[in-house]
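First the structure, in the form of structure tokens, and then the observations on it.
The values are calculated or read from the model by the stated rules, or taken from the named source; none is laboratory data. Source: prediction; values computed, not measured. Please note: Cβ atoms are built from the backbone with ideal geometry, for glycine as well, and neighbour counts cover all protein chains shown. SASA here: full protein model, heavy atoms, side chains in, ligands and nucleic acids out. Shrake-Rupley method; radii C 1.70, N 1.55, O 1.52, S 1.80 Å.
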Amino acid sequence: MGKTIAEKILSQKSGRDAKANDIVIADLDFVMGQDGTSPLAIKAFQEMQASKVFDPARIAMVIDHSAPSPLEGVSELHRQMRVFAREQQINFYDIGDGVCHQLVPEQGHVVPGDLVIGADSHTCTYGAINALSTGVGSTDLAAGIISGKLWFKVPETFKFILNGKLGEGVYSKDLILFLIGEVTADGATYMAAEYCGEAISDLSVDARFTISNMAIEMGAKCGLMEADDKTIEWVKKHSRKEFVPVSADADAVYAKVKEYDVSSLEPQIARPHTVDNVVGISQLGEVPIQQGVIGTCTNGRMEDLRIAARILKGRKINKEARLIVAPASRQIMIEAMREGLIETFIQAGAAVVTPGCGPCVGTHNGVPSDGENVISTANRNFKGRMGNNKAFIYLGSPATVAASVINGRITDPRQLLS
Amino acid sequence: MKLAGKCHKFGNDVNTDYIISGRHKFKTLDMKELAKHVMEDLDPEFYNKVSTGDFIVAGTNFGCGSSREQAPLAIINADIGAVIAKSFARIFYRNCINTGLPLIECDTDQINPGDELEIDLDQGTLLNKTTGAVIAITPLPPVMLKILSEGGLVEHFKKYGTFHFD
Ligand code: SF4
């Protein structure tokens, strides 16, 4: 019987003939922690009485969630990370370097066929370049950096076949929001998602990351795609590691298969307070907006910034609204400066903040006030997510956020593209 | 392993931001301090209401959202005996096993707020003492049971230095 991508990678890495629902102990190619999870992992590392990591080159820690530090307690945790990284000689990314999920693939740490864990739920992002990457907690992170191994339950796979072409003004963010709305927040729990079809092949690698990033919002363990020419070109540009792409067998067994034609999809909006509370923008009704956010590990890449800048160029943000832009990495910020995008944002009235998580998780950089509506390109709109449980968060594409802050209400970006 | 306590009931999709909000978790590694804020966005009085050994009881997809291990640790440090739900989100599930917080997967429709419950993990049953109902529990796979019974992954690594299963 054939195998899915997840079964193949976990078979290779565990040295066993792994099938869905088996439990295996597998070798890890890369291990990542961020500043919300690493300090606890360092504590667990010490409690486990370990002295050395398994391989410094295959470990990275990133300060991105509260960067630069807004509080003295956070500063102390950051200090502990810096000390640990220096002692253990691991890869280390400090404030201003960017969001972990941009840095890990951009800096060439991950290639197709890899098995990766990260102590952050959106580690599933690298599935877009054919790596089985998944989020874990701090104790798993500690075990991973000590032993280079972790136990896994081999997931069943939920396959999404996406046919047709996305229309003008409709993006990969709209596509993944639509799918999450369809299958709900726990529609793929414990499963691997595999995304394939013409609509996926059409997308750039940047746009594919957005889809895999949000696999967790349907409960999935990972969001896998096959490696095509675009993937291989992208990976070779960023990494010198050798790799062998992994595809699913034609007779692989899937727990579920769903097929959609996306040609007539309109921009999608996730309404407060769950990511699966999705509607097409024409069904939304009037929603005034006080704050927009463009950035995060979901939509802070070059392509996203270009899309937003196209709409913002020569326009001004509505006086009732404000806009925060956080490029996903230092490299992206530099590229965006060279292309003039940062100037476009600032001219339009945006506040451009340090590359990193920005205001996504409510630690700094733009906590909304009571009763305010926020539209964000992030991946979560949970109550309290941005640091105020009396604010309302809507999710959409970079184009939708840009159009919405110009009009001061949630707006179909296609109105401003023509 | 036997557990007994009172039910505190919540709905579906209780995410990790509700269990412990991001605005608290980044500030400190002091779990006793974090525990005071457990579930506060859903019930500001929660921490003051629970007695040692009480249970959080919920619907489907408990613990969805972020990978923050502060979520199970805050629950443990609020002296909750176990979390009982119809289903759990994957990372939260792993984190519970690794930190030694018992999780019970079963039908929770027959459990009401305030019910007194008794759980026998070895027998795989949950007795609702208030209503008399006996509810079957989905058993944990052996690898997870071993880690949980050793008190979590830290204890496992202390003992073996790496993963060790026969
Ligand atoms: S940008 Fe937001 S979702 Fe992404 S890693 Fe940072 S906090 Fe998490």
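Per-structure values
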read-out	value
A:Glu156 being farther than 30 Å from A:Ala403 by Cα and either in contact with an Asp or Glu (Cβ under 8 Å, 6 or more places away or on another chain) or away from the ligand (no atom under 16 Å from the Cβ) (or both)	yes
Boolean, B:Leu126 is among the hydrophobic types (A, V, I, L, M, F, W, C), in contact (Cβ under 8 Å) with a residue 40 or more places away in the chain and assigned to a helix (DSSP H, G or I)	no
Residue check, A:Asp35 under 19 Å from the mean Cα position of the chain (by Cα), within 16 Å of the ligand (Cβ to nearest atom) and facing another protein chain (nearest Cβ under 9 Å)	yes
Criterion (more than 16 Å from the ligand (Cβ to nearest atom), out of contact with any helix residue (DSSP H, G or I) (no Cβ under 8 Å at 6 or more places or on another chain) and closer than 20 Å to A:Lys383 by Cβ) met by exactly one of B:Val14, B:Val38, B:Val50, B:Val57	B:Val14
Boolean, B:Gly100 is in contact with a helix residue (DSSP H, G or I) (Cβ under 7 Å, 6 or more places away or on another chain) and either among the small types (Gly, Ala, Ser) or open to solvent by 40 Å² or more (accessible area, probe 1.4 Å) (or both)	yes
Evaluation of A:Arg380 against (1) within 12 Å of chain B (Cβ to nearest Cβ); (2) on the phi < 0 side of the Ramachandran plot; (3) free of Cβ contacts under 8 Å to residues at least 40 places away in the same chain (one fails), failing number	(3)
Conditions (1) assigned to a helix (DSSP H, G or I); (2) of a type outside the set (Gly, Ala, Ser); (3) open to solvent by 40 Å² or more (accessible area, probe 1.4 Å); (4) away from chain B (no Cβ under 11 Å); number of the one not met by A:Ile9	(3)
Qualifying residue in the range A:252-259 (condition: within 22 Å of the chain's Cα centre (by Cα) and within 23 Å of A:His122 (Cα to Cα))	no
Members of the range A:39-70 that are assigned to a loop (DSSP other than H, G, I, E, B) and more than 16 Å from the ligand (Cβ to nearest atom)	A:Met48, A:Gln49, A:Ala50, A:Ser51, A:Lys52, A:Val53, A:Phe54, A:Asp55
Selection within the range A:56-83 - touching a strand residue (DSSP E or B) at 6+ places or on another chain (Cβ under 9 Å) and among the charged types (D, E, K, R)	A:Arg58, A:Asp64, A:Arg82
Pair list, Cβ under 7 Å, 6 or more apart: the range A:281-297 residue acidic (Asp, Glu), other residue more than 16 Å from the ligand (Cβ to nearest atom)	A:Glu286/A:Arg409
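To keep it simple, each residue is scored yes or no on (1) open to solvent by less than 10 Å² (accessible area, probe 1.4 Å); (2) basic (Lys, Arg).
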| site | (1), (2) |
| --- | --- |
| A:Lys19 | no, yes |
| A:Ile59 | yes, no |
| A:Asp64 | yes, no |
| A:Glu72 | no, no |
| A:Asp97 | no, no |
